[in-house]
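Asker: This is the structure, below, for whatever I ask next.
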Amino acid sequence: MKTDSLPLLSRVADSVYWIARYIERAENIARYIGVNLNLQIDLPLAPLHQWQPLIDTSGDADAFKERFGVATQTRVIEYLAYDIENPNSISSCLRAARENARSVRETISSEMWAQINGMYLQIQAQRSLPEPERMLDAFREIRLGCHLFEGLTGATMSHNEAWHFMKLGRMLERADKTSRILDVKYFMLLPSASDVGTPYDDIHWSAVLRSVSGFEMYRKKYGRISPSDVVDFLVMDDEFPRAVRFCIASAYDSLQAITGTPVGAFRYRSEQLMGQLRAELDFTSVDTVIRGGLHEYLDRLQLKMNEIDGSLRDDFAVRLPQAQAQGQTQSQSQGPSQSQSQSQSQTTAVSQSANANQTA
């Protein structure tokens, strides 16, 4: 990474990083809701607690309970999709992504800006739950819009440092959400141990795989549904693009592309932390994870990813501008600060992960 580019990166890096995280978060929420709506069709009688896991996956269980109480379909969809008071709702994520994109118009392509702006205007025009017969289509459109933005990013933006910061944010967000949906399944999805191994259990495990768009790829690799194989696929697989191991490896490659650090060396704390996590995933077996406790392992994994997120902010959005006063002035005068948004989402995630009974 060139020294004369540090002021630019310190100004832009935080915004493009969070654009990618917000878009990925919105796509994940839309997919979770869609899978849960379809799950009601597959099950003869939907369990009362079917919608609570979506709240737990977001890390907002306490805030939701205080405002809405019991997690019903209508309340959960309203909260996760359209509630402007929820900083992690689809509406809030698209608004935040748009504000960040507006501040870095000179860095992203016009096609990227038009796509973000279009999704934001679409969700603003809706502002409430769609008609029941339109609900699945509405969330499918959000997912496709987010996929289109990712495709436009790869096809119309130079693959420079800013592009790698976007990839870094997208992969960390994706890894975090995969770990959370898997954690929630183990602790909350089944009403009793008697359902383990039954068709009811298979349907839910299939729903977990569909929640990360991995059902078809899992069946091609493993065939029958097996909890240990699902864990192996979603955590340890190095080919599936939503597996934790794949995401961390991809994020680490982008981080090294940004810093220009030789393989095996570390210039920044974020590189060291991510390199350690990548090595751990490379040399950990699913049997070891399950024997030691899947929840405990995923809990530690989420805390490590939160620590990496904090170190990235320190390395590229705080420390570098402090080293160059002119760059600091420019950074403060252009674009929205992510400190508040990050505090709302990541601090909640850390505190929720620290308490196993609240998160998952």
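Asker: Among the numbered criteria (1) open to solvent by less than 20 Å² (accessible area, probe 1.4 Å); (2) at pLDDT 95 or above, which single criterion is violated by GLY310?
Answerer: Every listed condition holds for GLY310 apart from (2).
Asker: Also, quick follow-up: Yes or no: segment 72-85 includes at least one residue that is free of Cβ contacts under 8 Å to residues at least 60 places away in the same chain, open to solvent by 60 Å² or more (accessible area, probe 1.4 Å), among the aliphatic types (A, V, I, L, M) and closer than 20 Å to ARG174 by Cα.
Answerer: Among the residues of segment 72-85, not one is free of Cβ contacts under 8 Å to residues at least 60 places away in the same chain, open to solvent by 60 Å² or more (accessible area, probe 1.4 Å), among the aliphatic types (A, V, I, L, M) and closer than 20 Å to ARG174 by Cα, which makes the answer no.
Asker: Anything in segment 180-225 that is among the aromatic types (Phe, Trp, Tyr), touching a helix residue (DSSP H, G or I) at 6+ places or on another chain (Cβ under 9 Å) and modelled with pLDDT under 90? List them, or say none.
Answerer: TYR186, PHE187, TRP205
Asker: Moving on. Is there any pair with a first residue in segment 152-179 that is open to solvent by 40 Å² or more (accessible area, probe 1.4 Å) and a second that is in a helix (DSSP H, G or I) and at pLDDT below 95 whose Cβ atoms are under 8 Å apart and which are 6 or more apart or on different chains, and what are they?
Answerer: The qualifying pairs are GLU161/SER5; GLU161/LEU9; GLU161/ALA13; GLU161/ALA257; GLU161/ILE258.
Asker: With the requirement that a residue be charged (D, E, K, R) and either in contact (Cβ under 8 Å) with a residue 12 or more places away in the chain or on the phi > 0 side of the Ramachandran plot (or both), what does segment 249-291 give you?
Answerer: ARG269, GLU271, ARG278, ASP282, ASP287
Asker: What about LEU303, is it touching a helix residue (DSSP H, G or I) at 6+ places or on another chain (Cβ under 6 Å), surrounded by fewer than 18 Cβ atoms within 10 Å (Cβ to Cβ) and at pLDDT 70 or above?
Answerer: yes
Yes/no matrix, rows are residues, columns are (1) among the acidic types (Asp, Glu); (2) modelled with pLDDT under 95; (3) surrounded by 19 or more Cβ atoms within 10 Å (Cβ to Cβ):
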position	(1), (2), (3)
SER89	no, no, yes
ALA101	no, no, yes
SER109	no, no, no
MET112	no, no, yes
GLN115	no, no, yes
MET119	no, no, yes
ALA125	no, yes, no
SER128	no, yes, no
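The values are calculated or read from the model by the stated rules, or taken from the named source; none is laboratory data. Owing to the predicted nature of the structure, the values given are computational and were not obtained by experimental measurement. FYI the Cβ positions are ideal-geometry reconstructions off the backbone, even for glycines, and counts take in every protein chain you see. Protein only, heavy atoms only, side chains kept; ligands, DNA and RNA dropped before computing areas. Shrake-Rupley method; radii C 1.70, N 1.55, O 1.52, S 1.80 Å.
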